[in-house]
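These notes concern the structure reproduced below.
The values are calculated or read from the model by the stated rules, or taken from the named source; none is laboratory data. On a predicted model such as this, the values are computed, not experimentally measured, just so you know. Glycine gets a Cβ as well: all are built from the backbone with ideal geometry, and neighbour counts include every protein chain shown. SASA here: full protein model, heavy atoms, side chains in, ligands and nucleic acids out. Shrake-Rupley method; radii C 1.70, N 1.55, O 1.52, S 1.80 Å.
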Amino acid sequence: MTTDLLDLESLLTDEERAVRARVRALVDREIRPHIADWFERAHFPLDLVPKLAAEGLLGMHITGYGCAGRSAVEYGIAMQELEAGDSGIRTFVSVQGSLAMSAIAKHGSEEQKQAWLPRMAAGEAIGCFGLTEPNAGSDPGAMQTFARRDGDDWVIDGAKRWIGLASIADVAVIWAQTEEGVRGFLVETSTPGFTATAIEPKLSMRASIQCDIALEGVRVPESARLPGARGLRGPFECLNEARFGIAWGALGAGRDALETALAYAGEREVFGRPLAGMQLTQARLAEMVLSLQQAQLLALHLGRRKDAGLLRPHEISMGKLASCRTAITICREARALLGGNGISLEHSPMRHAANLESVRTYEGTDEVHTLVIGQALTGLAAFRG
């Protein structure tokens, strides 16, 4: 049975379908057989990284430096397929490519790009993106991490929280206040004074890694500063890359939950007939596919606009907000349709729903994206009350 009742398939090019097929095959082969175990054990499989790199998924939307140079739509399709496997695995690709690698590609010097991007694209080096702090999540302008000049060096002190991959990363993109405003720095994680500690236990994103970072007198040379990053626009440009990927990715979790519920309802018999033949079940399934395909159409529209160079930040906020809301509602409905069996890790909807509680929070909460949309609509900024 297909969930593509609108034939969105017909809107894709042959190359886009080929990307989808390759990533879907990787998910079926390398992720689905193991994800329940990884989730239960709160384990991120490092041996998966070279396999993701071999498919060109790390920094896949970046051109040059060993990166695949794929289109925005192809990137979005890949994120949807990865998240159909698990949000935590898609998050790895987002942090590596859309955050850490994008920061270097957008704001780094040629020397920094040559030093890091080829290795990161090959999965030989892992990066993280240190923006959020214990007391500065939705308001990064309030960050307290500070970098001061000391001769030809910079000395960084502060703390970051909820930083994906930090405990396994080779390089951290650290955003800090300076006397001249916010700046970005490439900090090798072996630098004295840098400590990353995984946050445990978690009820969400269990097959992923999020960390606290402590920065205590971390000394880096001027050559570690990202020369093209000035002010909060620097990290925000990277966040928008990640948010675009989420607008696609979250729908992969929703689609997988819907497909699971549809298959289960077709096999499960109640009162002598398939559960799928019950009116209330069909009403649930119809609402799920309707909302999923509406959101998929929006994601595709955003992808086409991004490839045309027309996409604006508030449009990305609309996509991220709509997709996360849609996906988490579908996953919860799918879990309910499975009844008591829905709480078992044998089935994906509850795992997806738990993961999406994180996805809807990171890279901008529902409230932040609502206010971005509100500002675009009214011309008035309401972020400070």
>> Give all pairs with beta carbons closer than 7 Å in which a residue from segment 284-297 that is touching a residue at least 24 places away in the same chain (Cβ under 8 Å) meets a residue that is open to solvent by 30 Å² or more (accessible area, probe 1.4 Å) and of a type in the set (Val, Ile, Thr); count only pairs at least 6 apart in sequence or on separate chains.
In response: Ser291/Thr329
> Among the listed residues Ala308, Ala322, Ala382, Ala334, which satisfies the condition of being farther than 20 Å from Thr132 by Cα, open to solvent by less than 70 Å² (accessible area, probe 1.4 Å) and within 17 Å of the chain's Cα centre (by Cα)?
Replying inline: Ala322
>> Being of a type outside the set (Asp, Glu), on the phi < 0 side of the Ramachandran plot, open to solvent by less than 70 Å² (accessible area, probe 1.4 Å) and touching a Pro at 6+ places or on another chain (Cβ under 9 Å) is the filter here; which residues of segment 17-64 pass it?
In response: Ile31, Trp38
> Does Ala295 satisfy the condition of being open to solvent by less than 30 Å² (accessible area, probe 1.4 Å), part of a helix (DSSP H, G or I) and within 30 Å of Gly379 (Cα to Cα)?
Replying inline: yes
>> Cβ-Cβ distance below 7 Å, separation of 6 or more or different chains: which pairs start in segment 39-67 with a residue that is closer than 26 Å to Glu110 by Cβ and end on one that is of a type in the set (Lys, Arg)?
In response: Met60/Arg70; His61/Arg70; Tyr65/Lys113
>> Looking at segment 142-168, I want the residues that are in contact (Cβ under 8 Å) with a residue 40 or more places away in the chain and have a partner that is in a helix (DSSP H, G or I) and of a type outside the set (Val, Ile, Thr) with Cβ atoms under 6 Å, at least 6 apart or on another chain. Which pairs are those?
In response: Asp152/Glu222
>> What's the number of the only condition in (1) open to solvent by less than 60 Å² (accessible area, probe 1.4 Å); (2) of a type outside the set (D, E, K, R); (3) touching a Phe, Trp or Tyr at 6+ places or on another chain (Cβ under 9 Å) that Gln375 fails to meet?
In response: (1)
> Which residues, taken from segment 238-271, are open to solvent by less than 40 Å² (accessible area, probe 1.4 Å) and closer than 13 Å to Thr3 by Cα?
Replying inline: Leu251, Gly252, Gly254, Arg255, Asp256, Ala257, Leu258, Thr260, Ala261, Leu262
> Based on what the data block shows, is Ala376 among the hydrophobic types (A, V, I, L, M, F, W, C), assigned to a helix (DSSP H, G or I), within 20 Å of Leu251 (Cα to Cα) and at pLDDT 95 or above?
Replying inline: no
> Is there any pair linking a residue in segment 309-332 that is within 20 Å of Asp86 (Cα to Cα) to one that is open to solvent by 10 Å² or more (accessible area, probe 1.4 Å) and among the small types (Gly, Ala, Ser), with Cβ under 8 Å and at least six apart or on different chains, and which?
Replying inline: Lys320/Gly364; Thr326/Ser291; Ile328/Ala353; Thr329/Ser291; Ile330/Ser291; Cys331/Ala353; Arg332/Ala353
>> Any residue that is closer than 18 Å to Asp7 by Cβ and assigned to a helix (DSSP H, G or I) - is there at least one of those in segment 272-283?
In response: no
> If you take the residues in segment 97-143 that are part of a loop (DSSP other than H, G, I, E, B) and among the hydrophobic types (A, V, I, L, M, F, W, C), which one is surrounded by the most Cβ atoms within 10 Å (Cβ to Cβ)?
Replying inline: Leu131
> Could we say that Gly234 is touching a Leu at 6+ places or on another chain (Cβ under 8 Å), closer than 22 Å to Arg335 by Cβ and either touching a residue at least 12 places away in the same chain (Cβ under 8 Å) or of a type in the set (Ser, Thr, Tyr) (or both) here?
Replying inline: no
>> With the condition being surrounded by 15 or more Cβ atoms within 10 Å (Cβ to Cβ), I'd like the strands (runs of 3 or more DSSP E) fully within segment 144-204 carrying at least 3 qualifying residues.
In response: 153-164, 171-178, 181-188, 194-198
> So which residues in segment 65-81 are over 16 Å from Trp116 (Cα atoms), of a type in the set (Ser, Thr, Tyr) and surrounded by fewer than 24 Cβ atoms within 10 Å (Cβ to Cβ), if there are any at all?
Replying inline: Ser71
> Since Leu345 meets every condition but one in (1) assigned to a loop (DSSP other than H, G, I, E, B); (2) at pLDDT 95 or above; (3) open to solvent by 70 Å² or more (accessible area, probe 1.4 Å); (4) not small (Gly, Ala, Ser), which condition does it not meet?
Replying inline: (3)
>> I'd like the residue in segment 208-244 that is in a helix (DSSP H, G or I) and among the basic types (Lys, Arg) and, out of all such residues, is farthest from Asp86 (Cα to Cα).
In response: Arg233
